Amino acid sequence: MALAAAARGWHVFPLRPGTTDPAVQDWSARATTNTWRIVRCWDSGPFNVGIVPCASGLLVLDLVPAVAGEALPGPYRRPGVADGADVLALLLEEQRARLPVETYSVYGPGGRVHLYFARPAGTCPPTAPGPLAWHVEVHCTGSYVPAAGTVTRDGPYVVGHDAAPAAAPGWLAEPGRNPLDFLQRSVV
């Protein structure tokens with residue numbers, strides 16, 4: 001799975017077996033697409049795989065499932081809204097914005113969804129200091145995501161849609177534009 005991700009041009013590093021925790025220090029600098037380094041590393045143990053989005057030319061939208069008993073924040077308490085995917089759909093509808101759905105995606109334990117987007121060349125927006133909205137996060141600079149094939153105690157990460165990453169929507173990736181401003185306008 002590390003070699004498959006690297007073949008797509010995605011920079012990988014090892015995660016501790018059974019977890020999504022880095023197995024190496026300075027993981028962002030050590031992430032690689034070099035086949036020899038990947039084979040050498042993964043021959044030494046049954047590691048899971050982490051992907052560094054920015055180095056890989058990606059933005060990854062992380063839609064987080066709700067935890068049992070978790071209450072929705074006030075602005076999102078509406079019929080049919082139960083998790084990060086629903087919150088994002090609500091915000092996009094209110095802003096009359098679109099999200100490309102024909103993009104590489106990974107499904108994680110408990111209903112987590114990672115949507116991979118190609119970021120515009122020359123941009124690598126910092127990962128927001130917090131979520132964009134309740135259970136809606138963007139991973140790029142300074143963050144990582146577990147690759148499909150990673151297995152944790154809670155379950156596996158599996159490919160949901162195997163396609164090339166679609167171009168990131170402008171509201172998410174425009175240089176100098178904070179996607180948080182776009183999404184938050186509608187809930188104030």
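The values are calculated or read from the model by the stated rules, or taken from the named source; none is laboratory data. Here the structure is a predicted model, which is why all the values come from computation and not from measurement. When we count neighbours, we look across all protein chains shown, and the Cβ atoms used for this are built from the backbone with ideal geometry, even at glycine. Areas reflect the complete protein model, heavy atoms only, side chains present, ligands, DNA and RNA absent. Shrake-Rupley method; radii C 1.70, N 1.55, O 1.52, S 1.80 Å.
Here are the numbers for the structure shown:
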read-out	value
Residue check for Glu94: touching a residue at least 24 places away in the same chain (Cβ under 8 Å) and either assigned to a strand (DSSP E or B) or out of contact with any strand residue (DSSP E or B) (no Cβ under 8 Å at 6 or more places or on another chain) (or both)	yes
Meets criteria (buried (at least 18 other Cβ atoms within 10 Å of the Cβ), under 15 Å from the mean Cα position of the chain (by Cα) and not in a strand (DSSP E or B)) for Ala55	yes
Test: Leu99 is modelled with pLDDT under 85, within 16 Å of the chain's Cα centre (by Cα) and over 26 Å from Thr152 (Cβ atoms)	yes
Filter result for Gly108 (small (Gly, Ala, Ser) and farther than 20 Å from Glu137 by Cβ)	no
Residue in region 60-81 that is hydrophobic (A, V, I, L, M, F, W, C), open to solvent by 30 Å² or more (accessible area, probe 1.4 Å) and within 20 Å of Ser143 (Cα to Cα) present	no
Subset of region 13-29 [open to solvent by 40 Å² or more (accessible area, probe 1.4 Å), of a type outside the set (Ser, Thr, Tyr) and touching a residue at least 24 places away in the same chain (Cβ under 8 Å)]	Arg16, Pro17, Trp27
Gly110 of a type outside the set (Val, Ile, Thr), open to solvent by 40 Å² or more (accessible area, probe 1.4 Å) and either modelled with pLDDT of 75 or more or assigned to a helix (DSSP H, G or I) (or both)	yes
Residues that are over 19 Å from the mean Cα position of the chain (by Cα) and either surrounded by 12 or more Cβ atoms within 10 Å (Cβ to Cβ) or not in a helix (DSSP H, G or I) (or both), drawn from region 40-52	Cys41, Trp42, Asp43, Ser44, Gly45, Pro46, Phe47
